[in-house]
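Since every read-out is calculated from the coordinates, none of them should be taken as a lab result. For clarity, every value in this text was computed on a predicted model and none was experimentally measured. We place every Cβ from the backbone using ideal geometry, glycine too, and count neighbours over all the protein chains shown.
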Amino acid sequence: MTAITDEFSSAPVLPKWIAPVLLLAFAYGVVPLIGSSYLFEAILLPFLALSLAGVGLNILTGYAGQVSLGSAAFMAAGAFAAYNFYLRVEGLPLIGSIVLAGIVAAAIGIVFGLPSLRLKGFYLAVSTLAAQFFVQWALTKFSWFSNDSASGVIDAPKLLISGFAFDGAVGRYLFALTVVSILTFLAYRLVSSQTGRNFIAIRDNETAARIIGIPVLKTKLLAFAISSFIIGVAGVIWAFAYLRTVEPDGFDLDRSFQILFIIIIGGLASIRGAFFGAALIVVFPLALSRLGGFLLGDVFDSGVLDMSQRIVLGALIILFLILEPDGLVALWDRVRRRLLFAWQST
Amino acid sequence: MPLASYALGMMEASVYAPEVFARGLPSTLQSSAVGIVPTGSIADAAVPLLSLQGIGLSFGGVVALADIDLSVLSGEIRAIIGPNGAGKSSLINVISGVYRPGRGHVQLDGISYTQVPTQRLAHLGVARTFQNLALFKGLSVLDNVASGLAYKVRSNFAGQVLGIGRSRGERRDSLSRADQILEFLDLTAVRDRLAGTLPYGLQKRVELARALVAEPRLLLLDEPMAGMTASEKSEMAGFVRAARDRFATTVVLIEHDVGVVMGLSDRIAVLDYGRKIADATPDEVRNDQRVIDAYLGVASDNEDGAGI
């Protein structure tokens, strides 16, 4: 075992920024040219939005250790806030309304993060449910939020940034990709900063963190604020770039659970984990429906699909919790190390 | 298996480290009988750095501490011993503000508190370790130790994310100071390991490093040698003494191993059932009849326990 570890440390290690940069170059340079509209609409756009939401929740739950079941509420708050800012504030550019929407989501996050100063674990999770139900209720109850539309549905505005319109599936994909990349980079910087280490300290031992002088209350609320900001912007992407028309019911408790599953499957306390988890959550139902249709033909209708999705996903989560608590990221790292080792020894 | 042997190698390599550090430093206090005024000035010694006055603490009907007075002079190593449940850890928790005493107050550096403000403890120059390991498992050893300086950080998260303002300088300073402490406690070899992956004895030492990095005036050690082997204990005792000599830190120490305590400390307070039954130099404590009855024990002739 020791020998193997030594082997690895002597291997030429690529700089850490190489992989993300290559990936981004591929995502910007190659994907728009070869991708079909189905790829963008059904896979990449929801993947990007959910990844960003996963990054946001991971800051709160994975790093700072505060369990939250209110993610969808913060997405909804972001989406509806951006819609209203853009609609009601004359001359406000789209970027401005997105940033303001994030700030609104952050403010709501702080309010519903206040119980975390007293509550821990499951009790805190239950109290964040209040955010989930309250926001969804308020958006449905007060039609002002959806500009008095009869059905409560909002239509996203044109994605226009300094005169440049992000039209069509590819345009919206590039828009989402840019926002997600910037926020993910900032999130990465955050978790490797002093504040990020304070998050981990509070997660691992709150009493010790307080004793050594980490401002625990402030740091917890900061985690809620930053997490909610990112999840709020993810909500804007979900509404404006992916679905284009959303209603409050689209941000229900199921969505919150979905985001929680993303970070559990992908890997807690890992920025990459959110992307791994989101990829699985988005691609898995599509793959299952293709596979089911191929194997079983007409018997595999949407009802069966829905049911089998839940069963397989539930089993998958249980398996992950038992076999790989560190998520897909840990699995990926292990496989990559094996491959590298095999490649070196040949 | 390889992990264990690796750890063992670490231990062996570092056995002599504290003596090396202690050598050449003004450590006139190596023998505990000499007195209680080490590196600090005489003026420091006149007013105790820490004094407890009439501390009482109860949990429901259970009296954990009753009317405890304790004074700790600047620069001394002050041990608190006593049987299990005597209230030793409660006392440390009162001093560090984790518990609020029902009666009495804690005087720290001339300022009196009914409850010491835990959040400001680091600013007051007080650091502590915990009986059960309280490391941040998800951080590296280096970051664990550097976190002992988190109370000084002035930059906000935005500055840290963008890498502007004072955040860079702060990070550089705390890393270099953490590195010095790691070297002092002979932990450099495990610098980049996750704290949770270290063997128990080393984790205890990392906790000492995290407390020491802020160069506290008062260091509270809650059973720093619990669960260690004899050689690990003497090694740890060496580190505690070296830390006192190098940083002029006052040490309050809870320990079970009487042999280690006798050799290490300047004065010893003995607790039993929440009361202080003795408070003197090691030699006096060793011969105190009440202490012997309560704690040290004699070769028992099995008075009432016959047949158990």
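Here are some notes:
- Ranked by the mean number of other Cβ atoms within 10 Å of their residues, highest first, the peptides A:273-283, A:211-221 come out as A:273-283, A:211-221.
- With 31 Å as the limit on Cα-Cα distance, the pairs of A:K120/B:K276; B:K152/B:K276; A:K218/B:K233; B:K137/B:K276; A:K120/B:K88; A:K120/B:K152 that go past it are A:K120/B:K276; B:K152/B:K276; A:K218/B:K233; B:K137/B:K276.
- Here the translational diffusion coefficient of the range A:106-241 follows from Stokes-Einstein with Rh set to the Kirkwood radius across Cα pairs; for 25 °C and 0.890 mPa s it amounts to 140 µm²/s.
- Tensor-based shape of the range A:1-153 (alpha-carbon gyration tensor, a/c under 1.5 rounded, otherwise prolate or oblate): oblate
- Annotation: for a label point projected 7 angstrom from Cα along Cα→Cβ of A:Y123, residues of the range A:63-79 with backbone N closer than 18 Å are A:65-69.
- Between B:H256 and A:L24, the distance separating the two model label sites (each 7 Å from Cα on the Cα→Cβ line) works out to 5.5 nm.
- Structural descriptor for the range A:167-268: relative contact order 27 percent, calculated from alpha carbon pairs under 8 angstrom and at least 6 residues apart.
- Likely footprinting exposure, A:W332, A:W17, fewest C-beta neighbours within 10 Å first: A:W17, A:W332
- Per-peptide packing, taken as the mean over residues of other Cβ atoms within 10 Å, places B:175-185, B:211-221, B:125-135 in the sequence B:211-221, B:125-135, B:175-185 from highest down.
- Whether the range B:56-112 is rounded, prolate or oblate, judged on the alpha carbon gyration tensor where a/c under 1.5 counts as rounded: oblate
- For B:K137, B:K233, B:K88, order by how many other beta-carbon atoms lie within 10 Å, fewest first: B:K137, B:K233, B:K88
- Mean residue ellipticity (222 nm) of the protein assembly as shown, computed from DSSP H runs ≥ 4 via -39,500 (n - 2.57), nearest 500: -17000 deg cm²/dmol
- As a proxy for reagent exposure, B:M236, B:M228, A:M307 were ordered by neighbouring Cβ count within 10 angstrom, fewest first; the result is A:M307, B:M228, B:M236.
- Cα gyration tensor category, rounded, prolate or oblate, for the range A:212-346 with a/c compared to 1.5: oblate
- Chain A: relative contact order in percent, alpha carbon pairs under 8 Å with at least 6 residues between: 29
- Equivalent-ellipsoid semi-axes for the protein assembly as shown (Cα gyration tensor, √(5λ), whole Å, largest first): 56, 28, 24.
- Other residues lying with their Cβ under 13 Å from the Cβ of B:T129 contribute a combined charge of 0, Lys and Arg counting +1, Asp and Glu -1.
- Cβ-based net charge around A:D254, under 13 Å, with every Lys or Arg adding one and every Asp or Glu removing one: -1
- Virtual spin-label span in nm between A:D254 and A:V111, 7 Å along Cα→Cβ: 2.7
- Spin-label pair A:D167/A:W144, simplified geometry with 7 Å Cα→Cβ offset, distance in nm: 3.6
- Bins of 5 Å from zero: percent of alpha-carbon pairs in the range B:113-241: 2, 11, 19, 22, 20, 13, 7, 4, 2, 0
- Kirkwood hydrodynamic radius of the range A:2-345, from inverse mean 1/r over distinct Cα pairs, in Å: 21.2
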